[in-house]
Amino acid sequence: MGEGERGIPGRPDHGWTFFRQWLKNPLAIAAVSPSSRELAQKMLRELPPGASKVIELGGGTGSVTREALAHGIAPERLLVLELNQELHTHLARLFPQAHVACGDARDLKLIADRIGFLDDGPADVVISGLGLLSMSRSTQHAIVEAAFSVMGPQGRLIQFTYGPTNPVYREVMRDLDLAGRRASFTLWNVPPATVYVLSRARSRRVAPVRAR
Ligand SMILES: C[S@@+](CC[C@H](N)C(=O)[O-])C[C@H]1O[C@@H](n2cnc3c(N)ncnc32)[C@H](O)[C@@H]1O
């Protein structure tokens with residue numbers, strides 16, 4: 001069945017496209033349906049003032065991408081990375097003006113460099129819809145490290161989770177010297193989700209007061 005045959009004729013049915021990929025690879029997709037608009041908006045609310053250069057990991061069918069654009073992020077300042085080839089094709093068709101790349105979040109730096117996305121400076125924010133809870137510690141480490149490698153010192157990683165706590169292993173947080181903050185929660189998502197914001201612990205330290 002083609003995409004347009006479900007939902008509104010001629011319009012892609014994101015839910016069906018997503019669910020089909022979940023059936024093929026539930027661990028990698030890590031959710032049965034795309035994120036709700038409510039969740040996507042809560043993630044975008046965590047963008048620091050003035051943030052204009054954004055990378056999204058695990059774009060899926062574009063729920064968060066759509067909200068990023070609606071939030072005012074210019075498409076040429078947005079890079080969306082998606083591992084699944086079908087979902088990548090879907091995203092590239094939906095967002096022709098954004099940078100949409102097919103690849104593994106662990107290779108983010110390489111991919112961003114290759115397309116010249118970092119030529120005019122680092123990204124302000126990385127937004128992630130990746131299912132970190134189902135990943136090993138070493139995979140998480142590689143992905144979170146890659147995310148911070150493409151951002152400046154004030155960069156933040158905005159991540160949602162279906163679990164009750166920060167989805168990033170404590171050891172990974174410690175090894176990469178990160179601090180995490182629980183930002184918001186929404187019941188209006190299947191399943192309900194929490195948004196976490198990770199930043200470099202050092203950038204949050206208060207400068208020592210100088211003796212006069
Ligand atoms: C839970 S879904 C979220 C999709 C979308 N952002 C949303 O919120 O509806 C996770 C997405 O991450 C993608 N993904 C999983 N592992 C990945 C990886 N290592 N690199 C890039 N994308 C990955 C999956 O294919 C899937 O589309």
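Over the range 1-129, what relative contact order in percent results from Cα pairs under 8 Å that are six or more residues apart? Don't skip to the answer; put the middle values down first.
Working: 182 pairs, mean separation 29.7, N = 129.
Value for the range 1-129: 23 percent.
Assuming 1.306 mPa s and 10 °C, estimate D for the range 34-204 with Stokes-Einstein, Rh taken as the Kirkwood radius over Cα pairs, in µm²/s. Show your work: numbers first, answer last.
Numbers: Rh = 15.8 Å.
Answer, rounded: 101 µm²/s.
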Practice task
Mind giving me the nanometre distance, one decimal, between the label points for Tyr162 and Asp120, set 7 Å out from Cα along Cα→Cβ?
Solution key: 3.9 nm
Practice task
Springs between alpha-carbon atoms under 10 Å, Gaussian network over the chain: tell me which of Leu91, Leu47, Leu69 tops the mean-square fluctuations.
Solution key: Leu69
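Using a Förster radius of 30 Å, what is the FRET efficiency between Asp113 and Arg20 based on their Cβ-Cβ separation? Nearest 0.05, please.
Details: r = 32 Å, r/R0 = 1.08.
Plugging the Cβ-Cβ distance into 1/(1 + (r/R0)^6) gives 0.40.
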Handout entry: Ranked Glu67, Glu145, criterion: other C-beta atoms within 10 Å, fewest first
Key = Glu145, Glu67
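The range 39-109: which trypsin sites (Lys or Arg not before Pro) are DSSP loop and have at most 15 other beta-carbon atoms within 10 angstrom?
Values: sites: Lys42, Arg45, Lys53, Arg66, Arg77, Arg93, Arg106, Lys109; in loops: Arg45, Lys53.
Answer by residue number: Arg45.
For the range 34-204, what is the relative contact order in percent, using Cα pairs closer than 8 Å and at least 6 residues apart in sequence? Mind dumping the intermediate values first?
Details: 319 pairs, mean separation 37.7, N = 171.
After rounding, I find 22 percent.
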Practice task
Could you tell me the largest-minus-smallest coordinate of the C-alpha atoms of the range 1-126 on each of the three principal axes, in descending order and whole angstroms?
Solution key: 43, 28, 26
Problem - Under 13 Å from Lys53, Cα to Cα: aspartates and glutamates that are on another chain or at least 8 residues apart - result: Glu76, Asp119, Asp120, Asp124
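Values in this text are rule-based calculations from the coordinates and carry no lab data. Here the structure is a predicted model, which is why all the values come from computation and not from measurement. Cβ sites come from the backbone with ideal geometry, for glycine too, and all protein chains shown count toward neighbours.
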